[in-house]
Amino acid sequence: MHRIRFAGAGQALLLGALTISGSVLGAQPRAATPPSVVEASIADLQAALRAKRVTSRQLVEQYLVRIATYDQRLRATITVNPRALADADARDRERAQGTVRGPLHGIPVALKDNILTRDLRTTGGALAFADLVPPYDATLTQNLRDAGAIIIAKAQLTELANWVASGMPGNYNAVNGQGLNPWDPRPDPRPGFDDGRAVMGTGGSSSGIGTNVSFWAGNVGTETSGSILSPAHANMLVGIKPTVGRISRHGVIPITADQDTPGPMTRTVADAAIMLGAMEGASPDPNDAATKTCTPPANRDYTKFLDAAALKGARIGIPRAFFYDSVVSGGSTRPRGGLTPAQRVVMTEVIAVLRAQGATIVDPVVIPSIMAPKADDNLLDWNPCSGLDNARGQDANCSSVLKYGMKRDFNAFLATLGDKAPVASLTALRQWNIAHQRAGAIKYGQANLDVSDELDVRLDREKYEADRRKDLRLTATQGLDVVLQGEKLDALLFPGASSANIAARPGYPSITVPYALLPVTAPASAPYPAGFDPKPAPFGVTFTAGACAEPRLVALAYAFEQATKKRQTPVGFP
């Protein structure tokens, strides 16, 4: 019952909004031949608004039409804002009166549906939360509203940011089903994969689908480990995973405060810089102590770092071991990591571009925790605990930080909802899911919720704290810090989104930039059937640096983007 109702809710709201739009537009002056929103940058849209070639209402109308036309094929939206046109009218009135709040004034954006909005439901993709209209806005939501942005929709996500079941496909949730990648939205035909998931994954738990096909100007994702970088990479987008604490997490459904962070996903570096500044608070958020970590740039303006010459003189490190070349280290006697031949060709081209732009390439740099001969000192042998195989008592050789954080922080989050909370605790959520399996809950089980909930926040704290110290030792002290500081690097260059794990644990920032489309080859153990040819998949590169290095990373990413301009648009969504 719930699933049928909510799978189509966005379409129903959208059609109603368009009907209302048609009934009142005749009474309003309309700009002649408004420019298309397809692939339009925020700067393009603002220029058209300033020149009165378009209104914010007309922008919203165009985006709503695109959602109505294509979203049934992609499932990029969970809820469409029925007040988006009214919000656009309010921004248009302000503009007509001479008030422009900033570069996002009157610009439609979407939020991942684990970010609270007091006037729109926030489901987290979980059936238990399907009717939740929160009592308050997330801090970042309020910051975006204050900047004049129009929240046009809540975007698809993997249920509860992919901390429900260890086998759940990316971008699946019980409320809205399976999100599909516009680059190849066909269902996977292979046995064992033919459950509705796309043949081409959408990346991590955030969704870049709608931004990829211009359903809105940009969207806000969240990342615990890879869920901004990975979907940006998979959708040929720019994604900024900020330093943990740069953007407030208050009002975001959590996994763990140790690693969670929101961040922008856009089609250009400039757009991501604009959104990052609007999302960041001018002063620390009293509801999130981590927001004291980084000092915002003047006026929270990251666009002043958009320097096409920023690569000249920059020192860029190439971490060859594991990330480029397979290695034997730690507790394994078999090679791990490395690139495919096609990926290797691309990364050779990328490094040549950086050199041509004046960068000093330090190649290779050796991350000690990747090459450490002892398993206890090797990051490749220290993965997050996940699933029933890493239940309490079977988790000595994995990091309990994520599962412990979910127990600690999810219950604390529920308490902020007061009587609006759909369940009282993580335990109650698990029980609700079991009681509602026939309605569509926990199609893939809830092993990650189970291994989190069995923990005792007080009794298991000692192991958690030890695991957190080891996380930081292997990823920072004996990891990224060694090469960044020892080689005096501005950034490290990683293929694809491969820095996600090593950067996420110490909370370091990264930016991914589109670069290529590469052929897809199935593993020998799961080949595609005869006659089925997967389409080429996006492949990007990621710049990673130490805490609070966003200004420098924005500069480097922008210079690389301007030197290459490799972003393409998926066919079939004109």
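3J(HN,Hα) along the stretch 73-82, derived from phi through the Karplus expression 6.51 cos²θ - 1.76 cosθ + 1.60 where θ = phi - 60°, amounts to 7, 10, 6, 7, 10, 9, 9, 9, 6, x Hz, with x in place of Gly and Pro.
At 222 nm, what value in deg cm²/dmol follows for the chain if DSSP H runs of at least 4 each add -39500 (n - 2.57) and the sum is divided by all its residues, to the nearest 500? Using -39500 (n - 2.57) per qualifying helix, the result is -9500 deg cm²/dmol. Straightening the chain between Arg315 and Ala68 buys 84.3 nm, computed as 0.36 nm per residue apart minus the Cα-Cα spacing.
Summing +1 for each Lys or Arg and -1 for each Asp or Glu, what net charge is found among the other residues whose Cβ lies under 11 Å from the Cβ of Arg473?
Numbers: positive: Arg468, Arg469, Lys470, Arg505; negative: Asp376, Asp377, Asp467, Asp471, Asp481.
Overall, the nearby charge balance is -1.
Using a simple spin-label model with pseudo-atoms 7 Å out from Cα toward Cβ, Thr416 and Gln568 lie 4.1 nm apart. Amide H contacts of Thr360 (H built 1.01 Å from N, in plane; Pro and chain starts excluded): Gly313, Ala314, Arg315, Ile316 sit under 5 Å, all sequence-distant by 5 or more or on other chains.
Annotation: amide H-H contacts under 5 Å for Thr79 (H modelled 1.01 Å from N, sequence separation of 5 or more, or interchain): Lys154.
Where Lys and Arg each count +1 and Asp and Glu each count -1, what net charge lies around Ala314 among other residues with Cβ under 13 Å from its Cβ?
+2
With θ taken as phi - 60° and the Karplus curve 6.51 cos²θ - 1.76 cosθ + 1.60 applied, the whole-hertz 3J(HN,Hα) list for the stretch 88-95 is 5, 4, 5, 5, 5, 5, 4, 4 Hz, x standing for glycine and proline. Packing, as the average of other Cβ atoms within 10 Å across residues, places the peptides 204-215, 283-294 in the order 204-215, 283-294, highest first.
Annotation: amide H of Leu518 within the under-5 Å range of Ala537, Phe539, sequence separation 5 or more or interchain, hydrogens built in the peptide plane.
How much length is gained if the chain between Arg53 and Ser425 is pulled fully straight, taking 0.36 nm per residue apart and subtracting their Cα-Cα distance, in nm to one decimal? Please list the in-between numbers first.
Numbers: separation 372, 0.36 × 372 = 133.92 nm, distance 5.09 nm.
Here the segment from Arg53 to Ser425 would lengthen by 128.8 nm.
Relative to the current alpha-carbon distance between Thr293 and Asp131, full extension at 0.36 nm per residue lengthens the span by 54.8 nm.
Cross-link pairs exceeding 21 Å between alpha carbons, from the set Lys292/Lys420; Lys374/Lys470; Lys312/Lys565; Lys241/Lys374; Lys241/Lys304; Lys154/Lys420: Lys292/Lys420; Lys241/Lys374.
So what's the convex hull volume per residue for the Cα atoms of the stretch 480-529, in Å³? Don't jump to the answer; show the numbers that get you there.
On the way: hull volume 6.9 nm³, N = 50.
Once divided by residue count, the hull of the stretch 480-529 is 137 Å³.
Oblate is the label for the stretch 2-305, because a/c, from the alpha-carbon gyration tensor with a ≥ b ≥ c as root eigenvalues, is 1.5 or above and a/b does not exceed b/c. Counting only residues at least eight positions apart within a chain, or on another chain, the aspartates and glutamates with an alpha carbon under 12 Å from that of Lys52 are Asp92. Look at the Cα gyration tensor of the stretch 57-202: its axes a ≥ b ≥ c give a/c of at least 1.5 with a/b over b/c, and that counts as prolate. Sorting His233, His436 by the number of Cβ atoms found within 10 Å of their own Cβ, with the fewest placed first, yields His436, His233. For the stretch 247-253, 3J(HN,Hα) computed residue by residue from phi via the Karplus equation (6.51, -1.76, 1.60; θ = phi - 60°) reads 10, 4, 9, 4, x, 10, 4 Hz, glycine and proline entered as x. Judged by the mean number of other Cβ atoms found within 10 Å, the most tightly packed of the peptides 350-361, 442-453, 548-559, 217-228 leads the ranking 217-228, 548-559, 442-453, 350-361.
Every number in this text was worked out from the coordinates using simple rules, so none of it is lab data. In this text, all values refer to a predicted model and were calculated from it rather than measured experimentally. Backbone-built Cβ (ideal geometry, glycine too); neighbour counts: all protein chains shown.
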